[in-house]
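The values are calculated or read from the model by the stated rules, or taken from the named source; none is laboratory data. Since the structure is predicted, the reported quantities are computational estimates derived from the model, not experimental observations. Positions of Cβ are generated from backbone atoms using ideal geometry, with glycine treated the same way; all protein chains shown enter the neighbour counts. Remember, those area values only see protein heavy atoms, side chains included, never the ligands or the DNA or RNA. Shrake-Rupley method; radii C 1.70, N 1.55, O 1.52, S 1.80 Å.
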Amino acid sequence: MAFWDGFNRHTGKLPRPIVDKIEVFEDFTVNYPPYSLRINVNDELDEQGYPLKYTHEIDTKKKYSFSFFAEEIPDPHALFYIEGKKYIAEKITATFHEDTGKSQLLKGQFYLVVE
């Protein structure tokens, strides 16, 4: 998806990446344009200005490790329900073998979502 409002706020090469409401320049300085590339804009924002439906408060004091079986590698950005609680993945690791391919056993490190 691409969008340009016709105003060049910074000299340099085009195009420049825009992540949510942050435009990144070649020298890694940023601009906060008056538009967003989000499809669904939510009026409720967190402290940093991100829509609440995309953010979760997590307990970073303790990291949990879980192993599970899956045919496919799940989206690591998803909200995981494990043993009745909500978790956010830090990383999910899959093992690949030269002769058998991907193992169904996946390992992940998660943080508990504070409710």
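Please enumerate the residues belonging to the range 77-115 that are β-branched (Val, Ile, Thr) and in a strand (DSSP E or B). Even if it seems obvious, please write down each step before you answer.
Going through the range 77-115, the residues β-branched (Val, Ile, Thr) turn out to be 82, 88, 92-93, 95, 100, 113-114.
Result: 82, 88, 92, 93, 95, 113.
Within the range 78-115, the set of residues being among the β-branched types (Val, Ile, Thr) and loosely packed, with under 10 Cβ neighbours inside 10 Å comprises 100 only.
Scanning the range 58-81 for residues that are of a type in the set (A, V, I, L, M) and in contact with a Phe, Trp or Tyr (Cβ under 6 Å, 6 or more places away or on another chain) gives a single hit, 58. Whenever a residue of the range 69-92 is without any contact (Cβ under 8 Å) to a residue 40 or more places away in the chain, its partners that are open to solvent by less than 90 Å² (accessible area, probe 1.4 Å) and part of a loop (DSSP other than H, G, I, E, B), lying with C-beta atoms within less than 6 angstrom and at least six residues away or across chains, give the pairs 88/56; 89/76; 92/76.
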